[in-house]
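Below is one structure, written out as C-alpha cells; the observations come after it.
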Amino acid sequence: MKTHTLLMPLDMHLHLRDGVMLENVAPLSAYSFSGGLIMPNLVPPVETLEDVKAYKQRVMAAVPNDYFEPYMTLFYKNYDKRFLASVAQDIMAIKLYPAGITTNSDGGVSSFNVEEMRQTLEAMSVLGIPLCVHGETNGFVMDREAEFMSIYEILAKNFPDLKIIMEHITTKAAVEMLDKYENLYATITVHHLLFTLDDVVGGMMMPHNFCKPIAKRPEDLDALLSVALEAHPKVMFGSDSAPHPRSKKESAGCAAGVFSAPIALQLLCEIFEQYDKLDNLQAFVSDNAQSIYKICPEFKEIILEKRPFVVPDDYGNVVPMYAGRVINWAIQSVE
Ligand code: NCD
Ligand code: ZN
C-alpha cells in the first residue's frame, strides 16, 4: 500500500470556537496536527492578555490526550506599545479583520488609515509580532481580495520590518504580491486548492462550500496551486477550518465557513500526489511555517495511506467539507 509520512503538520489558520463546539472540534485537529494558529474571532473577541491565557487553557483542556500546541492570536485593535510588550510572549500573531467582513468581525478595523495604525504596527515590528490579515474590502464579492492588494502594498511599504501574512489567499493577484514585497507571506486553505465559484453556486447551492473569501475563478485556482505545489517558502498551509452548527449552514442566511480540519491532510496528500509533488507537502504543511514563525513543534509523525476513505456525514452537529464522499487517502497512524 502506498503511504506518505508527514512530520509535525501545522495548521496556521484555525477556528476552534468555544464551549461545546470547541470540545467537539479541537480533538479532531489535535489528532493529526502538531499545532495551529488559533483565530481570535470569538464573541466577544480575544482582546486582552487574560482572554488569551484563559482561551488557551480552554483549548488545552479540550484536547487532554493529544499533544497539540495552540499558537494564540489577539484580535487587532490599535493597541499601545506597553500593552503589546506585556502580551508579546503569550501570542504568536495579531489578526486583523476589516469590520463586518466575515463571521464575528464586527469589532474589526473600519479605516485603514496608516497614521492611525502606525503606533501599533511599529510596536509589533519592534516586538516581532506578525500581523495576520483577512484581506478583503467591502466591494463586489468576487473583487474584494484583489481590491485589498493596494492596502497590503501600503502596509508592506510603511512597515518593512512587520511580517504581514495574507490569510487564506484566493486570487492570482495575491499570489503575485508574494515576490513583490519581502515582508508579505500567505496562507492557503485546502478548499481553495480544490474549489472555484462553480463548486459553491455553479449547480445546486452548496452551503458547506461557502466561506469568506469566496472561491474564485479557474485561473486563480491555478495560481494558488502553482505556489502551494512548489511549496513557495513564503506560503504556509492554514485550513481556515471554520465550523458552524448544521442549522447555521443549512439555512436561509448561511454562515460563512468550511469545516475541513479532519480531512485536510488526506485531501492535501491527494492533491499533491495528483500533481506528482508529494515531496513538497512537508514544506507546505510544516517546514515553511516553522521558518516563518520561528517555531519548533514537538515531534509528531502522521502516516497517511492511499486507500478509499468515506468522509463522515457529520461530526456531531457540524457537517464537514465533502461529507459522504469517498476520498483517496486516509490516516494510517499517528505517533
Ligand atoms: C470564518 C469563521 O467562520 O470564523 N469564516 C470563513 O468563511 N472563513 C472567518 C474567516 O476566516 O473569514
Ligand atoms: Zn478564518
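Give me the Kirkwood hydrodynamic radius of segment 187-296, using the inverse of the mean 1/r over all pairs of distinct Cα atoms, in Å to one decimal.
The answer is 14.6 Å.
Looking at segment 1-73, which trypsin sites (Lys or Arg not before Pro) are in a loop (DSSP not H, G, I, E or B) and have at most 14 other Cβ atoms within 10 Å?
In loop regions of segment 1-73 (DSSP not H, G, I, E or B), the sparsely surrounded trypsin sites (Lys or Arg not before Pro) are Lys2.
Between Glu301 and Glu116, what length in nm is gained on full extension when 0.36 nm per residue of separation is reduced by their alpha carbon distance?
The span from Glu301 to Glu116 would gain 62.1 nm if fully extended.
Could you give the length gained by full extension between Val126 and Arg246, i.e. 0.36 nm per residue of separation minus their alpha carbon distance, to one decimal place?
That pair, Val126 and Arg246, stretches by 38.9 nm at full extension.
Projecting each Cα onto the charge dipole of segment 179-253 (Lys/Arg +1, Asp/Glu -1 at the beta carbon, about the Cα centre), which of Ser241, Ala231, His192 comes out farthest on the positive side?
Of the candidates, Ser241 comes out farthest on the positive side.
Around Ile214, what is the net charge, scoring Lys/Arg as +1 and Asp/Glu as -1 over all other residues with Cβ under 14 Å from its Cβ?
Values: positive: Arg144, Lys212, Lys216, Arg217; negative: Glu136, Asp143, Glu145, Glu147, Asp198, Asp199, Asp220, Asp240.
Around Ile214, the charge tally is -4.
If I compute solvent accessible area with a 1.4 Å probe over the protein chains, what percent of it on segment 214-269 is carbon and sulfur?
The computed percentage sits at 54.
Please identify the longest segment of the chain free of exposed chymotrypsin sites (Phe, Trp or Tyr not before Pro), where exposed means a DSSP state other than H, G, I, E or B and no more than 10 other Cβ atoms within 10 Å. Kindly include the intermediate steps, with their values, before the conclusion.
On the way: sites that count: Phe140, Phe299.
Between the exposed loop sites, the longest stretch runs 141-298.
Could you calculate, for the chain, the ratio of the Cα radius of gyration to the Kirkwood radius, expressed as Rg to Rh?
Numbers: Rg = 18.5 Å, Rh = 19.8 Å.
That ratio equals 0.93.
Mind checking which of Ala223, Ala85, Ala255 has the largest fluctuation in a GNM of the chain, springs on alpha carbons under 10 Å?
Its mean-square fluctuation being the largest, the pick is Ala85.
In segment 223-309, what trypsin sites (Lys or Arg not before Pro) fall in a loop by DSSP, with at most 13 other Cβ atoms inside 10 Å?
Sites meeting the loop and neighbour criteria: Lys294.
With a 1.4 Å probe and all protein chains left in place, how much accessible area per residue does the chain have, in Å²?
Result: 40 Å² per residue.
Dipole size in debye (nearest 20) for segment 206-310 around its Cα centre, Lys and Arg Cβ +1, Asp and Glu Cβ -1?
That gives a dipole near 540 debye.
Whole-Hz ³J(HN,Hα) for each residue in segment 67-72, computed from phi via Karplus 6.51 cos²θ - 1.76 cosθ + 1.60 with θ = phi - 60°, x for glycine and proline: what do you get?
Along segment 67-72, the couplings run 7, 8, 9, x, 8, 8 Hz.
Can you tell me the FRET efficiency between Arg58 and Ser226 if r is taken as the Cβ-Cβ distance and R0 is 30 Å, rounded to the nearest 0.05?
0.20
Where the eigenvalues come from the Cα gyration tensor of segment 9-115, what are the semi-axes √(5λ) of the equivalent ellipsoid, largest first, in whole Å?
That gives 25, 15, 12 Å for the three semi-axes.
For the cross-link pairs Lys77/Lys157; Lys53/Lys294; Lys212/Lys300, which exceed 28 Å when the distance is taken from alpha carbon to alpha carbon?
In this structure, Lys212/Lys300 exceed 28 Å between Cα atoms.
In debye, nearest 20: dipole of the chain around its Cα centre with unit charges on the Cβ of K, R (+) and D, E (-)?
360
Please compute, for the alpha-carbon atoms of segment 112-197, the extent along each of the three principal axes and give them in descending order in Å.
Dimensions of segment 112-197 along the principal axes of its Cα atoms: 39, 24, 19 Å.
Hey, what do the phi angles of segment 107-113 turn into as Karplus ³J(HN,Hα) couplings, whole Hz, using 6.51/-1.76/1.60 and θ = phi - 60°, x for Gly and Pro?
Whole-Hz 3J(HN,Hα) from phi for segment 107-113: x, x, 7, 9, 9, 8, 7.
Residue-wise, which Karplus ³J(HN,Hα) couplings in Hz belong to segment 230-244, taking 6.51 cos²θ - 1.76 cosθ + 1.60, θ = phi - 60°, and x for glycine or proline?
Values per residue, Gly and Pro as x: 7, 6, 2, x, 9, 10, 10, 7, x, 5, 6, 4, 9, x, 10 Hz.
Return the carbon/sulfur percentage of the accessible area of segment 18-90, one whole number, probe 1.4 Å, all protein chains in place.
Working: 1760 of 3290 Å².
Here carbon and sulfur together make up 54 percent of the probe-accessible area.
Give the long-range amide H neighbours of Ala255: residues separated by 5 or more places, or on another chain, with amide H under 5 Å away, using H modelled in the peptide plane at 1.01 Å from N.
Hits under the 5 Å cutoff: Lys249.
One quarter of the convex hull surface, Cα atoms only: what value does that give for segment 47-107 in nm²?
Average projection, Cα convex hull of segment 47-107: 4.7 nm².
Per DSSP H run of at least 4 residues, take -39500 (n - 2.57); add these up for the chain, divide by its residues and hand me the 222 nm value, nearest 500 deg cm²/dmol.
Numbers: 10 runs with 103 residues, N = 335.
Result for the chain: -9000 deg cm²/dmol, rounded to the nearest 500.
Below 8 Å between Cα atoms, with a sequence gap of 6+, how large is the relative contact order for the chain in percent?
Normalised by residue count, the contact order of the chain is 19 percent.
The values are calculated or read from the model by the stated rules, or taken from the named source; none is laboratory data. Computed from a predicted model, the values in this text were never measured in an experiment. Cβ coordinates were reconstructed from backbone atoms using ideal geometry, including for glycine residues, and neighbour counts include every protein chain displayed. Calculation scope for accessible area: heavy atoms of the full protein, side chains included, ligands and nucleic acids excluded. Shrake-Rupley method; radii C 1.70, N 1.55, O 1.52, S 1.80 Å.
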